[in-house]
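Below is one structure, written out as structure tokens; the observations come after it.
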Amino acid sequence: MTKPIAPGHPAKARFIRDWQRAEAHTQSYLNNMPADKYSFKAVDSIRSFAQQMLHLATRNAFLISNATGKSRISSPLATRKPASPPRQRIP
């Protein structure tokens with residue numbers, strides 16, 4: 001486990017501002033995507049909208065746990081299927 005960021009550390013205020021900005025953008029995405037479209041995937045090889053939102057949430061939880069020194073929560077993404085093999089480039 002890493003040490004938490006010390007109170008008053010200059011990076012802490014920057015991280016908080018960045019997370020608040022990201023929260024506002026993410027909330028806007030959630031508010032504008034109709035609930036019946038959460039399973040939307042532009043192509044089969046990428047995450048759905050809902051999967052991407054879950055990814056954002058679990059990554060934020062990971063970052064916050066490292067910043068605060070608190071135990072990490074277990075990720076629902078740990079049980080997801082393995083990624084597809086990389087596509088071959090066509091010359």
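The values are calculated or read from the model by the stated rules, or taken from the named source; none is laboratory data. Worth saying up front: this structure is predicted, and the values here are computed from it rather than measured. Note that we place each Cβ from the backbone using ideal geometry, even for glycine, and neighbour counts take in every protein chain shown.
Some points to look at:
- Of all residues in segment 26-59 being touching a Phe, Trp or Tyr at 6+ places or on another chain (Cβ under 7 Å) and in a helix (DSSP H, G or I), the one that is farthest from Ile16 (Cα to Cα): Lys37
- The residues on offer are Arg21, Arg17, Arg47, and the sole one that is touching a Leu at 6+ places or on another chain (Cβ under 9 Å) and at negative phi is Arg47.
- Residue match in segment 3-15 (condition: exposed (fewer than 10 other Cβ atoms within 10 Å of the Cβ), modelled with pLDDT of 75 or more and part of a loop (DSSP other than H, G, I, E, B)): yes
- Considering residues of segment 60-85 that are outside any loop (DSSP other than H, G, I, E, B) and of a type in the set (Ser, Thr, Tyr) only, the residue modelled with the lowest pLDDT: Thr79
- Residue pairs whose Cβ atoms lie under 6 Å apart, sitting 6 or more positions apart in sequence or on different chains, and linking a residue in segment 22-48 that is over 19 Å from Asn60 (Cα atoms) to a partner that is outside any loop (DSSP other than H, G, I, E, B), are Met33/Phe49; Tyr38/Phe49; Tyr38/Ala50; Phe40/Phe49.
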